[in-house]
Amino acid sequence: MSLSKHQRIFTLNVSKLIAYAYDNGIELTFGEAYRTREQQFLYVQAGKSKTMSSNHLRRLAVDFNFFINGNLTYQWSEIKSIGDYWESLHPKNRWGGDWNKNDIKDGFIDTPHFEMNI
Ligand SMILES: [Zn+2]
């Protein structure tokens, strides 16, 4: 399957994620979706990212800000349910809050980040 086809599936699934979040009392605003190589390089230089192969560079990742009862939150336990929903939408979907897949929060946690890893 082409990159473009994966990108279109990803975008459709993001729309489902947004609807699911709102249905479950979590409002969203967008962070980054597509990211240029130049911007990624700045993040790596600044220590905000460790990789130049981010799925944001392939239009296969999006970051969200979460609001519950009007309050901004990135708390793992409050976001976990929509992370699980995201991963149920496609076998290649990954949530940044669950890089470890073991419910033990001992690794890099990126709760705002939802991606399709092809
Ligand atoms: Zn991200």
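The values are calculated or read from the model by the stated rules, or taken from the named source; none is laboratory data. Remember, predicted model here, so these are calculated numbers, not experimental data. For neighbour counting, all protein chains shown are included, and Cβ atoms are generated from backbone atoms with ideal geometry for every residue, glycine included. Areas reflect the complete protein model, heavy atoms only, side chains present, ligands, DNA and RNA absent. Shrake-Rupley method; radii C 1.70, N 1.55, O 1.52, S 1.80 Å.
Of note:
- Using alpha carbons only, the radius of gyration of segment 25-67 set against its Kirkwood radius gives Rg/Rh = 1.06.
- Charge dipole (Cα centre; +1 on Lys/Arg Cβ, -1 on Asp/Glu Cβ; no other charges) of segment 3-116 amounts to roughly 580 debye.
- Where the chain is the region considered: accessible area per residue in Å², 1.4 Å probe: 58 Å²
- Across the chain, counting alpha-carbon atoms alone, Rg and Dmax equal 14.0, 40 Å.
- For Arg8, the accessible area of its heavy atoms, probed at 1.4 Å with every protein chain present, is near 130 square angstrom.
- Other residues whose C-beta falls under 13 angstrom from the C-beta of Leu60 contribute a net charge of +4, scoring Lys and Arg +1 and Asp and Glu -1.
- In the elastic network of the chain, a GNM with C-alpha springs shorter than 10 Å, the most mobile of Ala19, Ala61, Ala46 is Ala46.
- Computed accessible area, His90, all protein chains, 1.4 angstrom probe, square angstrom: 40 Å²
- Taking all protein chains together and rolling a 1.4 Å probe, Leu89 ends up with roughly 40 Å² accessible.
- Mean shadow area of segment 1-44, taken as a quarter of the surface of its Cα convex hull (nm²): 4.3 nm²
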